Amino acid sequence: MNIHEHNSRILAGVEQPASDVAPSASKGLIVRDSHQESWRRCVEQHQLDPKSRATIPQVGENQLRQLQDEFGHRIFSYALEELNSLMSMVNEVGYSASLANSQGVIIAESVKPSQEYYCESDRLGSIWLEEIGGTNGIGTSIIEQRPVAVFKDDHFYYDFAAQACVAAPFYDAMGNLQGVLNLTTCNPYLDINAHHIVYKLACQSSVQLEERLFLEHFQDFMSLRFRNVSTQAFLIAYDELGVIRGASMAMRKRFALSQMDMGRRFIWEIFDLHKSGAAIDQLRSSDQVRMLDSGEVVSIIRFDARRHERNGRPNLYIPDRGEPVVSRTDKPTALDACAGNDRQMKENVRLVRKIMNKGLPIMLLGETGVGKDTLAKAIHQESDRRDGPFVAFNCAAVPESLIDSELFGYGKGAFTGANREGNQGRLVEAHGGTLFLDEIGDMPLVLQTRLLRVLESGEVSPLGSGKPRHVDLQVIAATNQRLHDKVAEGSFREDLFFRLAGVIVNLPPLRQREDKDFIIKALLADLCRKSDAVQLTKAAEEMLLSYSWPGNVREMKHVLHRASLLCDDGVIDAKDISLPFQRHESTPPTDRLRLPSPSAYEEASDRFESPSVAAKMAVAEAEGKVIAEAMAANDGNVEEAAKTLGMSRATLYRKLKKYGIKS
């Protein structure tokens, strides 16, 4: 579609009467979201012209730092965890992930700027309000207060017609918009169904993030969540008398609850329950509830009050179904659960328990996805520091420019744009508890010196503050890199390595574990607690057990997640699992793709070992075919073919060589 056709389509859509038709669907997947109302707002309210060029402004570095501080450090950290989890699934198909605040400003990203399909307009500090950028994921989701998928030329401006984005807003415990999780790509070969699987993943991440914020805020009260809803977080908190203490944004809208209703209305005013304290006993004995206004019966998950995991996440009550019990942290958190039935992991747990509480730093080594973070939490929960905080800091997730202030903190007025109250930093935040330094191999060399000084002296000096603060903490570091090699090449301090490696624990990759069946059942049980119940056929189980799992437990989790989205009637069969023939048993590269393989990739996925390889090969085949056709259409003229493809001659020459196409 050229620029004139695009503009005509947008303006025609503005003139057409508003449609009440829901987005069309095919085989259970949303095919195309309707953005007619957004186009109309852009023209009539925002006074935008699709024929003009789009300009996306950016805030300055100091203002960006201020917006990051205003967002809240803990929430910022939680959101980064979700972004990195999303990126582990979608980055190799060309998506980049970013976090926007409630004003539409991108304040964090999880991306390598050299990524081939990176959207330059999505850089840190970019302001993506709808009144500026027209119809777009972030801005439109903020206005419409719902997850949004904008596919290529559905953008208002033609300048963004090559982009595909999904944006999922999340809200704080009071129902106020907190931010938006955003995924974008300029991949020209992207399949619409693949894009909407990414949409589902983004929605579920925003729901999980919102749920975490809500349950942490109302941890002193009981809460319940609607079970089979994946695009919005329906949560409500109540006390022993049945008084409603809090409700998520979705729940407020569903039952017309206002802030004034909190502490005044009762749980039995919206659900069909006894009009007394007996309502609480009703909820405790059932996993369903009937809504008074519609009579609809919904499945629920309950969270009990004051019975929390030591790292701040609440425990989950689920009626016994004879399944492995898995906590709400997505993975087992007790040391015995981490060990499972694997001999090497049991030996690791024996070693950890032997040196626990002795003041020795612990270094966890293992491939990406083996569960280093899970083991770190389990160590904290069984240690004498269990009543203290568990503070996780991912050295690879935070931009290098922010690691100093995030980890070590800063004083009041330390620099222009700094939070007026300062920032205590993660080291001080972990005082009395455990500091988990994930991806320690990615810490910049200059900051390694500061960290070493803190570990040796037990004191941290925040930037701009003349007063050092004493910190008492257990340090657990983790990496998937060969730190000895980094020490040899000079990118990691030898003295810091020995200071952190008081005890080294090697976690085996999933392909070497003896208890894959136990792990499969545990992950399935966790899936059942988050959405509809699912089961495995014998053929599917055998397929999972025989696979080499290059992405380890994380890959297994995403494969099961994908299968649960695409299976029929809650039964996962072998046909629902994209696990091709095992051709390579050697140690796999880290961070392989966990994106569910859409229909466009299925033929390729039948020939290769992992969804990562399948997606890459499908994209490569499609790209090679398009380039060959462009060369043929232009009689082998490289310059004309490059113009047709929208790339430079240098790029085209490189791809011609890559695909063996003669010029």
Q | Candidates Glu323, Glu240, Glu269 - the one that is at pLDDT below 85 and more than 20 Å from Arg212 (Cα to Cα) | A | Glu323
Q.
Any residue at all in the range 439-447 that's of a type outside the set (Phe, Trp, Tyr), more than 30 Å from the chain's Cα centre (by Cα) and either over 30 Å from Lys346 (Cβ atoms) or modelled with pLDDT of 90 or more (or both)?
A. no
Q | the range 36-55 residues that are free of Cβ contacts under 8 Å to residues at least 12 places away in the same chain, paired with ones that are aliphatic (A, V, I, L, M) and surrounded by 18 or more Cβ atoms within 10 Å (Cβ to Cβ) (beta carbon under 9 Å, 6 or more apart) | A | Asp49/Val43
Q: Give the residues of the range 248-260 that are within 22 Å of Ala278 (Cβ to Cβ) and either among the small types (Gly, Ala, Ser) or surrounded by fewer than 17 Cβ atoms within 10 Å (Cβ to Cβ) (or both), sorted by residue number.
A: none
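Please tell me if Ser286 is assigned to a strand (DSSP E or B) and either of a type outside the set (D, E, K, R) or at pLDDT 85 or above (or both).
Numbers: assigned to a strand (DSSP E or B): no; either of a type outside the set (D, E, K, R) or at pLDDT 85 or above (or both): yes.
Judged against the criteria, Ser286 is not a match.
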Q | Selected residue (only one of Tyr601, Tyr653 is within 37 Å of the chain's Cα centre (by Cα) and modelled with pLDDT of 75 or more) | A | Tyr653
Q: Considering each residue of the range 93-139, count those that are under 18 Å from Val198 (Cα atoms) and in contact with a His (Cβ under 7 Å, 6 or more places away or on another chain), and give that number.
A: 1
Q: Report those strands (runs of 3 or more DSSP E) wholly inside the range 185-254 carrying at least 2 residues which are of a type outside the set (S, T, N, Q) and closer than 26 Å to Ser85 by Cα.
A: 222-226
Q) Of all residues in the range 120-177, how many are within 15 Å of Cys203 (Cα to Cα), in a loop (DSSP other than H, G, I, E, B) and of a type in the set (D, E, K, R)? A) 1
Q) Which ones in the range 468-489 are assigned to a loop (DSSP other than H, G, I, E, B) and in contact (Cβ under 8 Å) with a residue 24 or more places away in the chain? A) Val471, Asp472, Leu473, Asn480, Gln481
Q: Could you check, for the range 337-359, whether at least one of its residues is modelled with pLDDT under 85 and either among the aromatic types (Phe, Trp, Tyr) or farther than 30 Å from Arg469 by Cα (or both)?
A: no
Q) Any residue at all in the range 86-106 that is farther than 19 Å from Ala168 by Cβ and more than 19 Å from the chain's Cα centre (by Cα)? A) no
Q.
Exactly one condition in (1) within 20 Å of the chain's Cα centre (by Cα); (2) at pLDDT 95 or above is false for Tyr117; which is it?
A. (2)
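The values are calculated or read from the model by the stated rules, or taken from the named source; none is laboratory data. Since this is a predicted model, take the numbers as computed values, not measurements. Neighbour counts run over all protein chains shown; Cβ positions are idealised from the backbone, glycine included.
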